[in-house]
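Q: Here you go, one structure.
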Amino acid sequence: MVEVTEISEKKSFISGLKRAFAKPLRKMPAYDQEKDGPLIELEVPEGLKEIERYWLQEPYALASILEDRKTRYYRLVEPALTKFEKELLERLYEDFQDILVLNPTSSRIEKDALLIDKTLFLLERYKVEISASTIHKIIYYLRRNLLGYEKINPLLYDPYIEDISCDGVKVPLYIYHTRYLNIESNISFGEEELDSLVIKMCQLNNKHISVSQPIVDATIMDGSRLQAILGREITPRGSSFTIRKFRKDPITPIDLLGFKTCDMEMLVYLWLVIENGYNMLFAGGTASGKTSMLNATSLFMPSTAKIVSIEDTRELLLYHNNWVSGIARESFAADSTGEISMYDLLRAALRQRPDFIIVGEVRGDEARTLFQAMSTGHATSSTMHAGDVQTVINRLTNEPINVPHIMLQSLDVLCIQEQVYIEEKRVRRTRSLVEIHNVDPETGDLGVNEIFSWDPSEDGFLKVGDSHIMQKIVHVRGWDLSQMRNEIENRRKILTYLYEKNMRSYIQVSLVVQAYQSYPKMVMEAIENDTLQGMIQDMVA
């Protein structure tokens, strides 16, 4: 008799949900902090001093930076729940299982609207009287846990975090903060909780992780890179993960000027080199800014060109209509069935008649194919892990890449990136920018001509050589030296204008570069009349 009653109640509940789906979506009640009170309360623990606090998701989550005599700490502060609110939240979790099954949708906006609507519907059905602040707190946690990445979700909203690192069970989460470097947070996980989160993060991004396949690389919803390990077989301290955050608004040449990664002369040089289809390779160590340089300088590619990009995890973002973005895919089976490697994507790209090929990073067979593409006239840009010019050559000419020496001369420009510390602050600098010349037929040595070099003592850049590529551009374009000087000066004026007006978004920079390629006189007149900013704003709108 009890089972019949439970089944009847379940059917009644589900039929009520179905009727509710046909009605207009409910909206969150208004929340007034002065009237309803703050959602979070923050007290600085005894013995610690707060040096900064800022909102991550106002008014739900904020970050507080604390310090004692020894170290600094990152404290995430979220709304505190009463015992009643916790019980209500658990009841909502149970009932939401039916709602999510009955209402499948892939749009995040639709999911968010559905979550709010059905939460308010369930609260009405429970016949509980709760305040607006309680409703907002409950919906915050439902959003965080059902649509986001649970405890770490607010960290993804912190613009100052570069890396999020979980090293194991009951180990505090560490973050790399642009202002305070590596600092310990107040977040940690139990074993089941951590295993569940790692599996969930992979599944949300269409990746499979298990005991048999315990290591996964993925790109999460905001574009950041995830590297996750499940269980204790590989990592004895338990499951672990690292998230390398990437800006939703990518770094542009104007940002490079602001960060002093390179100077104006170098950017003008790179603009001309890339626009005219010469081959680029950005090399450096981990987190040295290789991909940021690749993405920023790719904005100099002509608007009329067809671009094909190839990556293992999505990092590049261009404002270009004729752009094909390819992402490598892992196998669905143990025998590699269904795997699409970067080598496969690169071979396919060569059949698409691209003007420019961008490869996120070369490390194997795809490198030889990339150099073959260079040799056949395709303009290419890529990155590689190597700390100096000689290491680049050694890696390219030895296992597992094995590019023949004679093919190395297809590479035109090599840019060495480095992560350095200036006054205890971690920064990225372009250590050296060199041109590659012909291979010596007798010795097999590669001719290298350094154009720009970074001076650590002054934290500035020196022009140490004359460019042979610039001479080639003059010859191919049919310019004389005065025309080349004029082009260099125009590009310097454009970049200076964008920097002074803080027009740094990748859309603004792309539109200005593309406009100059098509209508150079119009752009230069707009700069002289100080109307370029308004013109670009109208184009963006």
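The rows are residues; the columns are (1) out of contact with any Ser or Thr (no Cβ under 6 Å at 6 or more places or on another chain); (2) within 19 Å of TYR278 (Cβ to Cβ); (3) acidic (Asp, Glu); (4) part of a loop (DSSP other than H, G, I, E, B).
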site	(1), (2), (3), (4)
ASP344	yes, no, yes, no
GLU361	no, no, yes, yes
GLY377	yes, yes, no, yes
VAL392	yes, yes, no, no
LEU396	yes, yes, no, no
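Q: Go through segment 218-229 and give me each residue that's modelled with pLDDT under 85 and closer than 15 Å to SER240 by Cβ.
A: ALA218, the sole residue that qualifies.
Q: If you scan segment 260-286, which residues turn out to be among the hydroxyl-bearing types (Ser, Thr, Tyr), assigned to a loop (DSSP other than H, G, I, E, B) and closer than 14 Å to MET470 by Cβ?
A: Initial filter on segment 260-286 (among the hydroxyl-bearing types (Ser, Thr, Tyr)): 261, 269, 278, 286.
If we keep only those that are assigned to a loop (DSSP other than H, G, I, E, B) as well, we get 261, 278, 286.
Within segment 260-286, just TYR278 meets the criteria.
Q: Going by the conditions given, is ILE65 outside any strand (DSSP E or B), out of contact with any Ser or Thr (no Cβ under 7 Å at 6 or more places or on another chain) and either touching a residue at least 12 places away in the same chain (Cβ under 8 Å) or not assigned by TED's automatic domain parsing to the domain that holds TYR180 (or both)?
A: no
Q: Okay, moving on. Can you tell me how many residues within segment 528-541 are under 17 Å from ARG504 (Cβ atoms) and more than 32 Å from the chain's Cα centre (by Cα)?
A: 0
Q: So which of GLY447, GLY465 ends up being outside any strand (DSSP E or B) and within 30 Å of GLN419 (Cβ to Cβ)? It would help to see each step written out before you state the result.
A: Details: GLY447 fails: outside any strand (DSSP E or B).
When all the criteria are applied, what remains is GLY465.
Q: Within segment 299-314, is even one residue touching a residue at least 40 places away in the same chain (Cβ under 8 Å), within 13 Å of the chain's Cα centre (by Cα) and more than 18 Å from LYS245 (Cβ to Cβ)?
A: no
Q: hydroxyl-bearing (Ser, Thr, Tyr), under 25 Å from ALA515 (Cα atoms) and out of contact with any helix residue (DSSP H, G or I) (no Cβ under 6 Å at 6 or more places or on another chain): which single residue out of SER309, SER303 fits that description?
A: None of the other options fit; the residue is SER309.
Q: Of the residues THR380, THR391, THR369, only one is touching a residue at least 60 places away in the same chain (Cβ under 8 Å), crowded, with 17+ Cβ neighbours inside 10 Å and β-branched (Val, Ile, Thr); which?
A: Residue meeting the stated conditions: THR380.
Q: When you go through GLU9, GLU87 one by one, which is the residue that is at pLDDT 80 or above, closer than 20 Å to PHE121 by Cβ, assigned by TED's automatic domain parsing to the domain that holds ILE116 and exposed (fewer than 14 other Cβ atoms within 10 Å of the Cβ)?
A: Criteria check complete, one pass: GLU87.
Q: Check VAL476 against each of (1) β-branched (Val, Ile, Thr); (2) farther than 30 Å from GLN417 by Cα; (3) out of contact with any Asp or Glu (no Cβ under 9 Å at 6 or more places or on another chain) and name the one condition it does not meet.
A: Going through (1) β-branched (Val, Ile, Thr); (2) farther than 30 Å from GLN417 by Cα; (3) out of contact with any Asp or Glu (no Cβ under 9 Å at 6 or more places or on another chain) one by one, VAL476 breaks only (2).
Q: Does GLU339 fit the bill of being surrounded by fewer than 19 Cβ atoms within 10 Å (Cβ to Cβ) and in contact (Cβ under 8 Å) with a residue 60 or more places away in the chain?
A: So GLU339 fails the test.
Q: Does at least one position in segment 22-36 carry a residue that is surrounded by 13 or more Cβ atoms within 10 Å (Cβ to Cβ), basic (Lys, Arg), modelled with pLDDT of 80 or more and not assigned by TED's automatic domain parsing to the domain that holds ILE175?
A: Yes: segment 22-36 contains one or more residues that are surrounded by 13 or more Cβ atoms within 10 Å (Cβ to Cβ), basic (Lys, Arg), modelled with pLDDT of 80 or more and not assigned by TED's automatic domain parsing to the domain that holds ILE175.
Q: While we're here: When the residues of segment 230-255 are narrowed to those that are crowded, with 20+ Cβ neighbours inside 10 Å and over 16 Å from ASP163 (Cβ atoms), which ends up modelled with the lowest pLDDT?
A: PRO250
Q: Being surrounded by 11 or more Cβ atoms within 10 Å (Cβ to Cβ), basic (Lys, Arg) and at pLDDT below 95 narrows it down to one of LYS127, LYS70, LYS118, so name that one.
A: That would be LYS118, the only listed residue that is surrounded by 11 or more Cβ atoms within 10 Å (Cβ to Cβ), basic (Lys, Arg) and at pLDDT below 95.
Q: While we're on this one: For VAL448, state whether it is closer than 12 Å to LEU281 by Cα and in contact (Cβ under 8 Å) with a residue 24 or more places away in the chain.
A: no
Q: I've got another one for you. Does any residue of segment 426-435 turn out to be assigned to a loop (DSSP other than H, G, I, E, B), of a type in the set (Gly, Ala, Ser) and either surrounded by 12 or more Cβ atoms within 10 Å (Cβ to Cβ) or touching a strand residue (DSSP E or B) at 6+ places or on another chain (Cβ under 8 Å) (or both)?
A: For segment 426-435, residues assigned to a loop (DSSP other than H, G, I, E, B), of a type in the set (Gly, Ala, Ser) and either surrounded by 12 or more Cβ atoms within 10 Å (Cβ to Cβ) or touching a strand residue (DSSP E or B) at 6+ places or on another chain (Cβ under 8 Å) (or both): absent.
Q: Sticking with this one: Only one of ASN486, ASN502 is polar (S, T, N, Q), exposed (fewer than 15 other Cβ atoms within 10 Å of the Cβ) and modelled with pLDDT under 95. Can you tell me which?
A: Residue meeting the stated conditions: ASN502.
Q: Before we move on, is VAL420 free of Cβ contacts under 8 Å to residues at least 40 places away in the same chain, outside any loop (DSSP other than H, G, I, E, B) and within 27 Å of HIS177 (Cα to Cα)?
A: Yes: the conditions hold for VAL420.
Q: What is the number of the single condition among (1) more than 30 Å from THR397 (Cβ to Cβ); (2) part of a strand (DSSP E or B); (3) among the small types (Gly, Ala, Ser) that SER309 does not meet?
A: (1)
Q: Quick check on segment 115-139: of everything there that is among the acidic types (Asp, Glu) and under 23 Å from PRO59 (Cβ atoms), which residue is farthest from the chain's Cα centre (by Cα)?
A: Going through the qualifying residues, I end up with GLU129.
The values are calculated or read from the model by the stated rules, or taken from the named source; none is laboratory data. Because the structure is a prediction, the values reported are computed rather than measured. Note: ideal-geometry Cβ built from the backbone for every residue, glycine included; neighbour counts use all protein chains shown.
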